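Okay, structure first, notes after.
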Amino acid sequence: MIRAFSAFLALRYLRSRWINVLGTLGIAVAVWALIVVIAVFSGFIGEIRGSIRNATPDLLCTGLAPGASFAPIDAVLRAEQDVVATAPRLRHHAMYFPHGRGQRMQATRALATNPLAFDAVELVGIDPAAERSVTDLTHWLERAAGAAPEAAPDATREAGVTDLQRPFDVPREIEEQHALRSGASLGPNRLLAASPGILVSRRRMTTSWLERGQQLDVVTGRFERAEFGTQLLRVRRGFAVSGAYDTGHRILDETTAFVGIDELRDVLGFCVDDPFATAPQDVVSDVAIRVRDGADLAAVALRLEAALRRTADQAMAGARVLTWEEQNRVYLGAVGQERAMMKLVLFAVMLVAASLVYGTQHMTVMQKIKDIGILSSMGASPRGVQQVFLLAGLVVGLLGCGLGVAGGLLSVHWLNDVNDWSRRQLGIELFPTELYALDRVPYAIEPVWVAQVAFAALCVAFLAAWFPSRRAARMDPVLALAYE
């Protein structure tokens, strides 16, 4: 039970000593920082997860043996009732550079002397018709076209593909415009570019100064059988930029280029038109999978993986089926770890605020030794004396917690307005949205986290006030009044 004099003296000491405002502000700033920073970080993580989700299929069958055929794998996958669609994929690493540069120097020599002369990418061969059934390919293409300048001087400056249904086609007029600009010549009666089309990201198209219809030399390698084992053969193939895509996932956009899967098979030596070829003509390295809405992705992945490994086909023996989170677990794990570390760092601010509360209450106890002695001599129990300073610390914590929560929620609500005003008036952007390819400052207020921060602030204030109050309760009234 709290004594009446304890509450009265606690409030009186708080009003008479303005240094307690320092402890209140310390708690308020710590609570404000924990709410605002984590809200922005949570919003940013939400944006990242959303962009990754939009750029990644529900499930991905990978770990297939080299030269695996798509048809038997597709049959096993489609036997699962929750599988809606599948799409073949073929991945291979390569480098590309504008056509003509390779005529002046060999690719390997250029790479050794000037690594920046090349763009290294992961070539992903896809079947556009099948890919649309498992990912939002059409939206990627429309998003890149919508982000391009509205008033382009000519068609080559545009980023969008000519035909969404045939994204790898490059019409003759586009090729002609680029050829005239580069000084090249065209042969007669060419309806499409001689080179197959390649889709690069809008970001790479901008930073590398690429244009639609521009010829690119793609350099990669493949192993071929030789007289004594195998040898690495350098392969160089011409492609024409058919347009750009934009998934919203920055890492994928910066590291991936899409080509037709048959074109990539041909580059890697799997001749799709050769009836005497020993390797299957539908070679894949991965299979993208779309599952029924509401299905448990992890459970479906386990069932598919077990079904693949039960087959007698050795190409599926080491197959793995990954959910979209497992496909990006390293990146998502790194972002989640950063959020946890940020919480730890900001909690240190709370400890600094606790030291302010401890310091102010300790000074109050030292300066109120006479009052403590008088209270004890008048019959106040040690517990009653302790309650005076405990209540003072709790009031400081409550005020600081209330101000911090209110300030944090208001700051998050007006965050974008403040950021826009700061950019216009001061030229300072508190959150550089362009750096993260965002049009606004993302935030997500988590009520559970706000409650946890408020509770932690009260606990810290209580502990910071408990030690000085304990010292006051143990003080001998005779010694306290010895020199009075």
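Quick notes
- In region 67-83, the residues that are in a helix (DSSP H, G or I) and either buried (at least 16 other Cβ atoms within 10 Å of the Cβ) or not assigned by TED's automatic domain parsing to the domain that holds Gln281 (or both): Phe70, Pro72, Ile73, Asp74, Val76, Leu77
- Checklist (1) surrounded by fewer than 19 Cβ atoms within 10 Å (Cβ to Cβ); (2) at pLDDT below 75 applied to Ser6, failing item: (1)
- Set side by side, the residues Val395, Val388, Val460, Val453 differ, and just one is closer than 23 Å to Gly46 by Cβ, over 24 Å from the mean Cα position of the chain (by Cα) and surrounded by 13 or more Cβ atoms within 10 Å (Cβ to Cβ), which is Val453.
- Number of positions in region 451-466 that are of a type in the set (A, V, I, L, M) and over 15 Å from Ile38 (Cβ atoms): 6
- Members of region 133-145 that are at pLDDT 90 or above and in contact with a strand residue (DSSP E or B) (Cβ under 8 Å, 6 or more places away or on another chain): Ser133, Val134, Thr135, Leu137, Trp140, Leu141
- Region 300-317, subset touching a residue at least 60 places away in the same chain (Cβ under 8 Å) and more than 25 Å from Ile52 (Cβ to Cβ), residue surrounded by the most Cβ atoms within 10 Å (Cβ to Cβ): Met316
- Here Val31 meets each of (1) at pLDDT 80 or above; (2) over 27 Å from Gly408 (Cα atoms) with one exception, condition (2).
The values are calculated or read from the model by the stated rules, or taken from the named source; none is laboratory data. These figures come from a predicted structure and were not determined experimentally. Positions of Cβ are generated from backbone atoms using ideal geometry, with glycine treated the same way; all protein chains shown enter the neighbour counts.
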